[in-house]
Amino acid sequence: MDAMHSLIVELGSRSYPIHIGVDLFPRIFASEDGDQGRRGLIVTNETIARLYLPEFLKAAASRPVDSLILPDGEQYKTLATLNQIYDKLMQDGYARDCYLIALGGGVIGDMTGFAAATYQRGIDFIQVPTTLLAQVDSSVGGKTAVNHPLGKNMIGAFHQPRAVWVDTKTLATLPERELSAGLAEVIKYGLLGDLDFFGWLEQNIEALIQRDATSLAYAIRRSCENKARIVAADERESGQRALLNLGHTFGHAIEATLGYGEWLHGEAVAAGMVMAAQLSVRLGWISEADCQRATDLIGRAGLPVAPPAGITPDRFLTAMGHDKKVLAGRLRLVLLKDLGEAVVTDEFDHAALQAVLEQNLS
């Protein structure tokens, strides 16, 4: 078998491994993660089921494992879809010692994790992310949620997985647009706290777009190492972990005003990171040249560098007000003190924010 790289998310009794490699499906069920003699339920979507569910079920052939196929898309990340998981578990009599396996992208991972967090007050689950965005971000850290029409991920829970298995061969079938969306989260790690990685990305972004296996494996590993370090220091986002939301308050506003699924999450985050950099320039924290470096890299990744037309500044600001980082009525943003150094703050000039919105939305 191909080499596998593993790292640990250090959370004491809730610590777990992230395994990164190729052709990992059989290893899941040869390991203690899938070898408990307990009932397991694979939750996936229609797209991934066609591509990988037969192979996954074959790998799990000697285990008491069943599957549930959900519709594909951010627009289905709802309480109604979540209920399909609960219905399956209850109708088929899954006991408290069962576990779930999330086989899919961020939507499947978030919904499966939330189901695991809440079914019979909490059961185990395993993340098997199949998109780049999920592999470098949403599968790691235990954030689980569904969307509400008024706000993204507003209904959720922290619930850490038992393990994360990143099989990079699934990226071979990933549509080009979704690959670029995942690169937004990769770039985020460079911008918020890893300047050396940002420089590496400037040199290697075309290799990532062309799906060079060595480059992708390195970018995934470096991203996971960055996220694991931050999650270990601040599991429940009381401080440092909020830095991982660079670009997300602006991005979530794009998603909420457009309608979930119109833009991919990574596309919205990409435009949001540019807006965060522009605001950082207006506050005098970074230079125009640094903002341009960030904008250029995001554009080279095939990502939007501005929000879509047709959203008014007032509507955008209202959507930002529904963000989870709002505390005591004050909007908090993740901004750049420097390239490779982000900060969470509610102390910014609101006139500067208004100017950025008018710059991008008028």
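Within segment 169-195, count every residue that is surrounded by fewer than 20 Cβ atoms within 10 Å (Cβ to Cβ) and among the polar types (S, T, N, Q).
Here the count works out to 1.
Would you confirm whether or not segment 244-257 contains a residue that is more than 16 Å from G106 (Cβ to Cβ), without any contact (Cβ under 8 Å) to a residue 60 or more places away in the chain, part of a helix (DSSP H, G or I) and open to solvent by 10 Å² or more (accessible area, probe 1.4 Å)?
No, segment 244-257 has no match at all.
I need a count of the residues in segment 210-248 that are at pLDDT below 95 and in contact with an Asp or Glu (Cβ under 7 Å, 6 or more places away or on another chain).
Residues that pass the stated criteria total 3.
Please go through segment 278-295 and pick out each residue that is without any contact (Cβ under 8 Å) to a residue 60 or more places away in the chain and open to solvent by less than 60 Å² (accessible area, probe 1.4 Å). Explain how you work it out, then say what you get.
The initial filter retains those residues of segment 278-295 that are without any contact (Cβ under 8 Å) to a residue 60 or more places away in the chain, namely 280-281, 284-292, 295.
Result: S280, V281, I286, S287, D290, C291, T295.
Looking at segment 160-185, I want the residues that are in contact (Cβ under 8 Å) with a residue 40 or more places away in the chain and have a partner that is basic (K, R) with Cβ atoms under 6 Å, at least 6 apart or on another chain. Which pairs are those?
These pairs meet every condition: Q160/R14.
Which residues, counting only those in segment 111-141, are within 30 Å of F316 (Cα to Cα), open to solvent by 10 Å² or more (accessible area, probe 1.4 Å), assigned to a helix (DSSP H, G or I) and polar (S, T, N, Q)?
The one that is within 30 Å of F316 (Cα to Cα), open to solvent by 10 Å² or more (accessible area, probe 1.4 Å), assigned to a helix (DSSP H, G or I) and polar (S, T, N, Q): S138.
Hey, L150 hits all of (1) within 23 Å of V269 (Cα to Cα); (2) in contact with a strand residue (DSSP E or B) (Cβ under 9 Å, 6 or more places away or on another chain); (3) surrounded by fewer than 16 Cβ atoms within 10 Å (Cβ to Cβ) but one; which does it fall short on?
(2)
Name the residue, out of R39, R63, that is touching a Cys at 6+ places or on another chain (Cβ under 7 Å), open to solvent by 10 Å² or more (accessible area, probe 1.4 Å) and more than 21 Å from T144 (Cα to Cα).
Of the residues listed, the single one that is touching a Cys at 6+ places or on another chain (Cβ under 7 Å), open to solvent by 10 Å² or more (accessible area, probe 1.4 Å) and more than 21 Å from T144 (Cα to Cα) is R39.
Given the conditions (1) part of a helix (DSSP H, G or I); (2) among the β-branched types (V, I, T); (3) crowded, with 21+ Cβ neighbours inside 10 Å, and given that T214 satisfies all but one, which numbered condition is not satisfied?
Just one mismatch for T214, condition (3).
For segment 217-240, name all the residues that are surrounded by 15 or more Cβ atoms within 10 Å (Cβ to Cβ) and either among the hydrophobic types (A, V, I, L, M, F, W, C) or in contact with a Cys (Cβ under 9 Å, 6 or more places away or on another chain) (or both).
A217, A219, I220, C224, A228, I230, V231, A232
For segment 142-192, how many residues are more than 18 Å from I48 (Cα to Cα) and either modelled with pLDDT of 95 or more or in a strand (DSSP E or B) (or both)?
31
Sort through I8, I48 and tell me the only one that's under 20 Å from V136 (Cα atoms), in contact (Cβ under 8 Å) with a residue 12 or more places away in the chain and crowded, with 17+ Cβ neighbours inside 10 Å.
On inspection, the qualifying residue turns out to be I48.
If I ask for residues that are open to solvent by 40 Å² or more (accessible area, probe 1.4 Å), over 20 Å from E237 (Cα atoms), in a loop (DSSP other than H, G, I, E, B) and in contact (Cβ under 8 Å) with a residue 60 or more places away in the chain, which ones from segment 305-362 would you list?
D349 - this is the single residue of segment 305-362 that is open to solvent by 40 Å² or more (accessible area, probe 1.4 Å), over 20 Å from E237 (Cα atoms), in a loop (DSSP other than H, G, I, E, B) and in contact (Cβ under 8 Å) with a residue 60 or more places away in the chain.
The values are calculated or read from the model by the stated rules, or taken from the named source; none is laboratory data. None of these values were measured; they are calculated from a predicted model. Methodologically, a virtual Cβ is constructed for each residue, glycine included, from the backbone with ideal geometry; neighbour enumeration extends over all protein chains shown. Accessible surface is based on the protein model in full, side chains and every heavy atom, while ligands, DNA and RNA are left aside. Shrake-Rupley method; radii C 1.70, N 1.55, O 1.52, S 1.80 Å.
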